[in-house]
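Only one structure is covered here, and it is reproduced in the block below.
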Amino acid sequence: MEIIIQPEAEAATAVAARLIRRLLLEKPAAVLGLATGGTPLRLYRALVAMKLDWRRVTTFNLDEYAGLPPEHPQSYHRFMWENLFRHVNLAKKNVHLPDGLAKDIPASCAEYERRIRAAGGIDLQVLGLGTDGHIGFNEPTSSLASRTRIKTLTPRTRRDNARYFGGETGVPHHVITMGIGTILEARTCLLLAFGAKKARAVAAAVEGPVTSLHPASMLQMHPEVKVCLDEPAAARLKKADYYRWVYAHKPAWQQF
Ligand code: PGA
């Protein structure tokens, strides 16, 4: 794992945006895995401002609420169109999100996995981090080999997301999410976490034991993970000084 600690979320986001820009310049037909939530909002703004060419890019989102139609204000379809897709020259046919309204959910999840494979796999997967350690909506005790499927949110995640639904009662109980096994097949994983409320989850993901009780810890098993943090999110890392040292002494060819 490469842990990149910046003073502010803005600067940590800028590092992440540069990494994605480099990928899109090197591989104009890249396949991006995308995330929703408060964390990647700045990233999407930064990417829009970079005016990159998205014509040949394909995207797959991590997750969607089960039961929400794409036009629902809190659906992740809507989130992505509002915050990124409509601002860049991405082809609609290249956009993929799990179908929250699928009648046959297992078949729809298998088809999602098939499409990822048919696109050549995900080059770079953007990830946020739940306060309970989830990535995508893989809640604690998710199988570490899981694939795209339906999951039940924890009460804590429903509380965390209540702010978007004007209270907890409106938050769906179920979601469709890529599995941890799906996420780990991305060639690069890019985890973003900002703010003191993520500090415990970050420390457990980066320095804790690999355990299904903290799904993000499974990223330790992936060979190419970048973790972009602000100082408050990094506050509980035991080796923070070492991570800063490594970043400050990156060989020129490795810089982005
Ligand atoms: P947040 O959510 O970005 O809104 O904090 C992160 C997550 O639940 O993955």
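The values are calculated or read from the model by the stated rules, or taken from the named source; none is laboratory data. Since the structure is predicted, the reported quantities are computational estimates derived from the model, not experimental observations. Cβ placement follows ideal geometry from the backbone for every residue including glycine, while neighbour counts extend to all protein chains displayed. Calculation scope for accessible area: heavy atoms of the full protein, side chains included, ligands and nucleic acids excluded. Shrake-Rupley method; radii C 1.70, N 1.55, O 1.52, S 1.80 Å.
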Mind checking the dipole of the chain: about its Cα centre, +1 per Lys or Arg Cβ, -1 per Asp or Glu Cβ, Debye to the nearest 20? 360 debye
Once exposed loop GluC sites (Glu not before Pro) are cut out (DSSP; at most 13 other Cβ, 10 Å), longest piece of the chain: 72-223
Grab the alpha carbons of the range 14-62, take their convex hull, and tell me the volume per residue in Å³. 66 Å³
Karplus-derived 3J(HN,Hα), 6.51/-1.76/1.60, for each residue of the range 226-237, Hz, glycine and proline x: 10, 10, 9, 10, 8, 4, x, 6, 8, 4, 9, 7
Whole-Hz Karplus couplings 3J(HN,Hα) for the range 52-59, θ = phi - 60° and coefficients 6.51, -1.76, 1.60, Gly and Pro as x, run 7, 8, 9, 3, 9, 7, 10, 10
Comparing V175, V15, V246, which has the greatest mean-square fluctuation in the GNM of the chain with Cα pairs linked when under 10 Å apart? V246
Rolling a 1.4 angstrom probe over the protein heavy atoms, how many square angstrom per residue are accessible across the range 137-256? 48 Å²
What is the Å³ per residue value for the convex hull set by the Cα atoms of the range 2-254? 118 Å³
When the Karplus curve 6.51 cos²θ - 1.76 cosθ + 1.60 is applied with θ = phi - 60°, which whole-Hz ³J(HN,Hα) does each residue of the range 131-145 get, with x for Gly and Pro? 4, 8, x, 6, 10, x, 10, 7, 6, x, 6, 4, 4, 6, 10
Principal axis extents for the range 173-254, Cα atoms only, whole Å, descending order, please. 42, 30, 21
Inter-site label distance for K27 and A49 at 7 Å from Cα along Cβ, in nm: 2.7 nm
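Among the DSSP beta bridges whose two residues both lie in the range 130-256, what percent are antiparallel, rounded to the nearest 5?
On the way: 6 of 11 bridges.
Beta bridges within the range 130-256, antiparallel portion: roughly 55 percent.
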If DNA, RNA and ligands are ignored and the probe is 1.4 Å, what is the ranking of W81, W245, W253 by accessible area, most exposed first? W253, W245, W81
Charge-dipole axis of the chain as Lys and Arg at +1 and Asp and Glu at -1 on Cβ define it, positive-most pick from G120, L34, F165: G120
Might you work out the accessible area of R156 for me, using a 1.4 Å probe with all protein chains in place, and round it to the nearest 10 Å²? 110 Å²
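Share of antiparallel DSSP beta bridges in the chain, in percent to the nearest 5? Intermediate results must be reported in sequence, preceding the final value.
Numbers: 9 of 31 bridges.
Around 30 percent of the beta bridges assigned by DSSP in the chain are antiparallel ones.
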How many nm separate the modelled label positions at R86 and A107, each set 7 Å beyond the Cα in the direction of the Cβ? 3.2 nm
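Ignoring ligands, DNA and RNA, what percent of the 1.4 Å accessible area of the range 52-146 is carbon and sulfur? Show your work: numbers first, answer last.
On the way: 2130 of 4020 Å².
Within the range 52-146, the accessible surface is 53 percent carbon and sulfur.
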Spelling it out for L124: with amide H atoms placed in the peptide plane at 1.01 Å from N, the residues 5 or more places away or on another chain with amide H under 5 Å from its amide H are V31, G33, R187, T188
What is the extension gain from K238 to S143, computed as 0.36 nm multiplied by their sequence separation minus the C-alpha to C-alpha distance, in nm to one decimal? 31.5 nm
Once label points are set 7 Å from the Cα along Cα→Cβ at both H72 and A118, what is their separation, rounded to one decimal in nm? 2.6 nm
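Take every Cα pair under 8 Å in the chain that's 6+ residues apart, average their separations, divide by the length, and report that relative contact order as a whole percent. Could you put the intermediate results ahead of the total?
Details: 527 pairs, mean separation 64.9, N = 256.
Worked out over the chain, it gives 25 percent.
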In whole angstrom, how far apart do the alpha carbon centroids of the range 68-131 and the range 225-253 sit? 30 Å
